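Encoded as structure tokens, the structure appears first; notes follow it.
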Amino acid sequence: MTTISDNAKNGFDYMLTQGAKLGLGASGDAIDVTILPQDAEFAEAKIAILTVSSYLFRIFVMIYFTQDQLTKEHFARVNKTQVADMDDQAFIDAICEAGNMVVGTLNRELARIFPHIGMSTPNIIDRRCNRNLDALHCGHIQHFEITVNQAMTFHATMCVSEYDDLNFSVDTAAVEDTGELEMF
Amino acid sequence: MDFATFEFLLGMVLGAIVAGVITQRFFLLKAARLSLAAAESSMEESLQQEVQELLQRVEGFEQTLEQERSSAQREAGQLQTTHAREVQDTRSHQAEGTGRAVASCHSLEEGVATLLGLVKTFERWHADMNALIKHNRAMHDMNDDFATIVRQMVIVTLNASIEAARAGEQGRGFAVVASEMRSLAARAEKLSTSYRNSLYENDLITTTTFQDLQAGGKMIVGSVTGLGLINKKTIESLSA
């Protein structure tokens with residue numbers, strides 16, 4: 001029976017929060033990330049999903065989105081392009097790139113304590129797939145709400161499946177000072 | 001005896017006494033000189049003997065020293081020869097060891113290059129995953145068509161039940177059939193919903209499994225690349 005310590009869970013949550021702040025807005029945006037209850041439900045239509053894998057664990061990050069006008073305007077602004085230029089493929093590329101930024105940050109910070117680690121490319125799946133998270137046998141599932149400039153709201157879910165006991169700590173105070181995570 | 005004679009005689013006596021004392025002193029001095037000369041001679045002989053003995057001892061020491069020096073030189077020469085041979089042997093072994101290590105590193109280099117060919121396997125898995133996801137999407141579409149048909153069946157069977165009720169007694173048999181058809185349509189709808197949920201679960205498991213394979217592949221490639229770099233530095237160090 002393997003376990004994820006509370007410190008490690010907080011560390012994963014904190015790293016994903018940092019990734020969301022970096023990946024889902026433009027430079028200078030006010031981005032707030034809050035943790036939602038375990039029974040939170042989401043109305044978005046699709047999910048951009050990415051995976052970070054180590055031989056000790058695997059992490060699935062799901063970013064929920066709907067291809068609506070508000071979301072298009074958000075990504076057009078973030079990518080400094082016109083909404084009119086954002087066709088279906090450009091929109092999917094934008095959400096996938098945002099996912100890459102979010103999970104890339106998580107991957108980079110985790111690599112400092114788990115050197116052997118890899119990250120997948122993103123895929124798009126239906127939001128209704130998240131009804132089956134139990135199938136992933138995760139030791140830690142956390143839902144997040146990310147608000148950008150109090151105008152655009154994203155939701156995300158992080159699922160951690162562990163294959164050994166996981167225990168590490170992140171010094172969040174050091175992050176506030178240097179902008180980089182400190183691992184212990 | 002007059003005074004002059006007395007003085008003369010006294011002078012003679014005193015002269016004789018002085019002469020005697022002088023003569024005595026002379027002989028005493030002569031005897032002392034002779035004695036001293038004899039002592040000097042004896043001492044000289046003794047000293048010469050001691051010097052001779054010392055010279056002999058020094059000569060003996062010199063001979064011993066020479067022998068020991070010769071012996072030490074011989075031993076030093078032998079040690080030098082042995083040392084030179086050992087150094088040569090060590091260098092030879094080191095060169096052989098280095099050669100073997102370099103050869104092993106080159107073999108490892110080839111192994112690393114071969115292992116990096118795994119990337120093609122990961123690319124193949126990725127292509128397979130895309131095909132599977134496409135296949136799942138087609139199954140979703142077919143199930144949606146099926147669900148549409150089932151919904152229409154429900155409506156048709158409902159209409160049939162209404163028409164059977166209107167027909168009264170004559171429609172009783174038809175009502176039983178319509179009811180049975182509605183029951184079948186409801187089961188089909190339930191089955192379609194269950195199948196759709198299974199497809200979503202299948203999408204999730206398929207996607208996460210293949211993403212895990214892809215990310216795990218990158219982890220392996222990263223580790224093997226790191227191994228290759230260490231091996232390259234080892235070859236450079238051994239060849240320097």
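The values are calculated or read from the model by the stated rules, or taken from the named source; none is laboratory data. Since the model is a prediction, treat every value here as computed from it, not as a measurement. Every residue, glycine among them, receives a Cβ derived from its backbone with ideal geometry; neighbour counts consider all protein chains shown. Heavy atoms of the whole protein, side chains included, go into the accessibility calculation; ligands, DNA and RNA do not. Shrake-Rupley method; radii C 1.70, N 1.55, O 1.52, S 1.80 Å.
Put simply, the convex hull of the Cα atoms in chain B casts, on average, a shadow of 40.9 nm². Surface burial for B against A, with a 1.4 Å probe and both sides summed, reaches about 1800 Å² of accessible area.
Of the Cα atoms belonging to the stretch A:112-171, the radius of gyration and Dmax stand at 14.8, 41 Å. Expressed as an acute angle from 0 to 90° and rounded to the nearest 10, what is the orientation of the C-alpha long axis of helix A:69-78 relative to the principal long axis of chain A? Between helix and principal axis, roughly 70 degrees. Binning the C-alpha pair distances of the protein assembly as shown at 20 Å intervals from 0 yields a P(r) profile of 16, 29, 16, 9, 7, 6, 6, 5, 3, 1, 0, 0 %, listed from the shortest bin outward. Put simply, when B:179-187, B:113-121 are sorted by average Cβ atoms within 10 angstrom per residue, most first, you get B:179-187, B:113-121. The local environment of B:GLY60, defined by Cβ-Cβ distances under 14 Å, has a net charge of -4 under the rule Lys, Arg +1 and Asp, Glu -1. Whole Å is fine, so just give me how far the alpha carbon centre of the stretch B:55-131 lies from that of the stretch A:1-17. Comparing the Cα centres of the stretch B:55-131 and the stretch A:1-17, I get a distance of 50 Å. Taking the longest Cα principal axis of chain B as reference, the axis of helix B:172-239 is set at about 20 degrees.
Of B:TYR195, A:TYR14, A:TYR55, B:TYR200, the residue with the largest accessible area leads and the full order is A:TYR55, B:TYR195, A:TYR14, B:TYR200 (1.4 Å probe).
Entry for the stretch B:195-240 at q = 0.15, 0.21 Å⁻¹: log10 I(q)/I(0) = -0.56, -0.73, Debye formula applied to identical alpha-carbon scatterers, no solvent contribution. The eigenvalues of the Cα gyration tensor, multiplied by 5 and square-rooted, give chain A an equivalent ellipsoid with semi-axes of 27, 19, 14 Å from largest to smallest.
Under 14 Å from a label point 7 Å along Cα→Cβ of A:LEU36: give me every residue in the stretch A:155-169 with its amide N that close. Inside the label zone: A:155-159.
Shielding value for A:52-62 is 3, the average number of Cβ atoms from other chains within 10 Å of each residue's Cβ.
How much net charge surrounds A:ASP68 when only the other residues with a Cβ under 15 Å from the Cβ of A:ASP68 are counted, with Lys and Arg +1 and Asp and Glu -1? So the environment of A:ASP68 carries a net charge of 0.
Neighbours of A:SER54, meaning other residues whose beta-carbon lies under 14 angstrom from its beta-carbon, give a summed charge of -1 when Lys and Arg score +1 and Asp and Glu score -1. Among B:ILE17, A:ILE124, A:ILE63, the sequence by solvent-accessible area, most first, with a 1.4 Å probe is B:ILE17, A:ILE124, A:ILE63.
Rolling a 1.4 Å probe over the protein chains gives B:HIS126 an accessible area of about 60 Å². Gyration tensor analysis over the Cα atoms of the stretch A:28-70 returns equivalent ellipsoid semi-axes of 23, 15, 14 Å (largest first, whole Å). State which entries of A:LYS9/B:LYS218; A:LYS72/B:LYS120; B:LYS190/B:LYS218; A:LYS21/B:LYS218 exceed 30 angstrom in Cα-Cα distance in the structure shown. A:LYS72/B:LYS120; B:LYS190/B:LYS218, as the Cα separations exceed 30 Å there.
Averaged per residue, the protein assembly as shown has 62 square angstrom of accessible surface, using a 1.4 angstrom probe with ligands and nucleic acids left out.
Using alpha carbons only, the radius of gyration of the stretch A:68-141 set against its Kirkwood radius gives Rg/Rh = 1.06. Taking the longest Cα principal axis of chain B as reference, the axis of helix B:3-115 is set at about 20 degrees. In percent, rounded to a whole number, the relative contact order of the stretch B:49-182 is 12, using alpha-carbon pairs under 8 Å and six or more apart.
Equivalent-ellipsoid semi-axes for the stretch B:40-165 (Cα gyration tensor, √(5λ), whole Å, largest first): 116, 18, 7. Computed with every protein chain present, the accessible area of B:ARG100 is close to 150 Å² [probe 1.4 Å].
Could you work out Rg/(2.2 N^0.38 Å) for the stretch B:141-240, with Rg from alpha carbons only? So the Cα radius of gyration is 2.42 times the expected 2.2 N^0.38 Å.
Taking Cα pairs under 8 Å and at least six residues apart, what relative contact order does chain B come out at, in percent? Taking the mean separation of contacting Cα pairs over the length of chain B, I get 28 percent.
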